[in-house]
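Student: Provided herewith is a single structure, encoded as structure tokens, for subsequent inquiry.
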């Protein structure tokens, strides 16, 4: 089966600093992969490359069957991205934000789609309120609405829980469950291991610019994700 | 449907969407317009008191004062317009859209031009009253339009470049003013010529320079914007 995301020997350098060092990574269609790792491991850089926001220095990257960066527009059409920043305009209403992004993606029957998405993220009642009056949790839910508006095959979440309180994080969990249940391929970075353990079907540990280990949830063999994560990092340090 | 009509339609749709979004947001916040307007009015007021001139001399300095006001006020607007995109990560949101990135540039440039023209249309009558000079000459309005197009064309491109740096507020004027000198000189000369009733053949070279500058910088921005915003 052709993987939805296929990365081979990916290298990313910023000047003299090498952030990704020959990273290999594969995600099958419908998988929910949690990408975990310490600060500075290169998680955000990696997601930005998958999102076509940054060019690889070397290596091959294919998303949804299209090569990056050569076929970036085709990849973007099939990709939804949620980061710790909401990518929303505070001086526009929730509906206007979605309408703007809908026009950028050329979504047909946009009004109906906006209604559907606002229902999905539980913001239908606040559709005419300015986004700057929203709490952080509501903004993050609307950010998910923005990302799923064009019904993408692949979704990338970069630390979506940053700055959320417990209630807002729990609501975000519900939305993420719904998004994942629709068969989308999801890659999510997070430091909240307990949360991603409940959501993801596979875990990959990114350390020192490479995938140090990857395991399916069914294969954790009694170990919890935190133990697996710590063991992987310790083994990495020992071998270094 | 012709082969090329779909990409052109997509391009125009994205350009319209970006411009609409900027105008709608500004209509609510009025942050950018009020900052530009207050700054512009202060500049013409200060010049008015600093240069206590007779009517004839006023006509000769009007174009310089006017364009200095437009250019400095315009820089405020350009900086703010791109900073709004960067601060909430919205620039990434725009770059993630499956559209030609030049459409994003044109949308931003159009909204910047509209903001600049609004400020100019408010400043002109106030300037006329303060300096006792009539500025409602169709040819002068044409020159102001051409100069503003050139200024926002290059300004939007350089603002997109400088907004990615930590020193964006300082960097934009440093990058922009040297590049925009041909527009400033041509606009000042053409405006001055019109106000002082020069013969048209003396004014035309400056208007032609403005036209050429506009075409060159719009074309350059169209070709390089993708690389400018690329990480």
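Student: Can you confirm whether residue A:147 is within 13 Å of chain B (Cβ to nearest Cβ), in contact (Cβ under 8 Å) with a residue 40 or more places away in the chain and under 26 Å from residue A:56 (Cα atoms)?
Tutor: yes
Student: If we scan region B:175-182, do we find a residue that is out of contact with any helix residue (DSSP H, G or I) (no Cβ under 7 Å at 6 or more places or on another chain) and part of a loop (DSSP other than H, G, I, E, B)? I'd like the intermediate steps shown before the answer.
Tutor: Going residue by residue through region B:175-182, those that are out of contact with any helix residue (DSSP H, G or I) (no Cβ under 7 Å at 6 or more places or on another chain) are B:177-178, B:181.
Of the ones still in play, those that are also part of a loop (DSSP other than H, G, I, E, B) are none.
No, region B:175-182 contains no residue that is out of contact with any helix residue (DSSP H, G or I) (no Cβ under 7 Å at 6 or more places or on another chain) and part of a loop (DSSP other than H, G, I, E, B).
Student: Among residues belonging to region B:97-113 that are over 22 Å from the mean Cα position of the chain (by Cα) and surrounded by fewer than 23 Cβ atoms within 10 Å (Cβ to Cβ), point out the one that is nearest to residue B:229 (Cα to Cα). Quick ask: steps written out before the conclusion?
Tutor: Filtering region B:97-113 for residues over 22 Å from the mean Cα position of the chain (by Cα) gives B:97-100.
Cutting the leftovers down to surrounded by fewer than 23 Cβ atoms within 10 Å (Cβ to Cβ) gives us B:98, B:100.
On the way: B:98: 15, B:100: 12 Å.
Only one residue fits best here, namely B:100.
Student: Now for a separate question. What is the one condition in (1) touching a helix residue (DSSP H, G or I) at 6+ places or on another chain (Cβ under 7 Å); (2) at pLDDT below 95; (3) more than 14 Å from chain B (Cβ to nearest Cβ) that residue A:21 does not satisfy?
Tutor: Answer for residue A:21: the failing condition is (1).
Student: Further question: Taking the conditions exactly as written (more than 14 Å from chain B (Cβ to nearest Cβ) and either buried (at least 23 other Cβ atoms within 10 Å of the Cβ) or under 21 Å from residue B:227 (Cβ atoms) (or both)), does residue A:32 satisfy them or not?
Tutor: Answer is yes for this residue.
Student: Could you pull out the residue among A:130, A:120, A:164 that is out of contact with any helix residue (DSSP H, G or I) (no Cβ under 6 Å at 6 or more places or on another chain) and more than 12 Å from chain B (Cβ to nearest Cβ)? It would help to see each step written out before you state the result.
Tutor: Details: A:130 fails: more than 12 Å from chain B (Cβ to nearest Cβ); A:164 fails: out of contact with any helix residue (DSSP H, G or I) (no Cβ under 6 Å at 6 or more places or on another chain).
Result: A:120 is the single residue among A:130, A:120, A:164 that is out of contact with any helix residue (DSSP H, G or I) (no Cβ under 6 Å at 6 or more places or on another chain) and more than 12 Å from chain B (Cβ to nearest Cβ).
Student: Could you identify the single residue in B:197, B:190, B:186 that is more than 14 Å from chain A (Cβ to nearest Cβ), buried (at least 20 other Cβ atoms within 10 Å of the Cβ), free of Cβ contacts under 8 Å to residues at least 40 places away in the same chain and closer than 21 Å to residue B:62 by Cβ? Even if it seems obvious, please write down each step before you answer.
Tutor: Working: B:197 fails: buried (at least 20 other Cβ atoms within 10 Å of the Cβ); B:190 fails: free of Cβ contacts under 8 Å to residues at least 40 places away in the same chain.
None of the other options fit; the residue is B:186.
The values are calculated or read from the model by the stated rules, or taken from the named source; none is laboratory data. Owing to the predicted nature of the structure, the values given are computational and were not obtained by experimental measurement. Here Cβ is always computed from backbone atoms with ideal geometry, including for glycine, and neighbour counts include all displayed protein chains.
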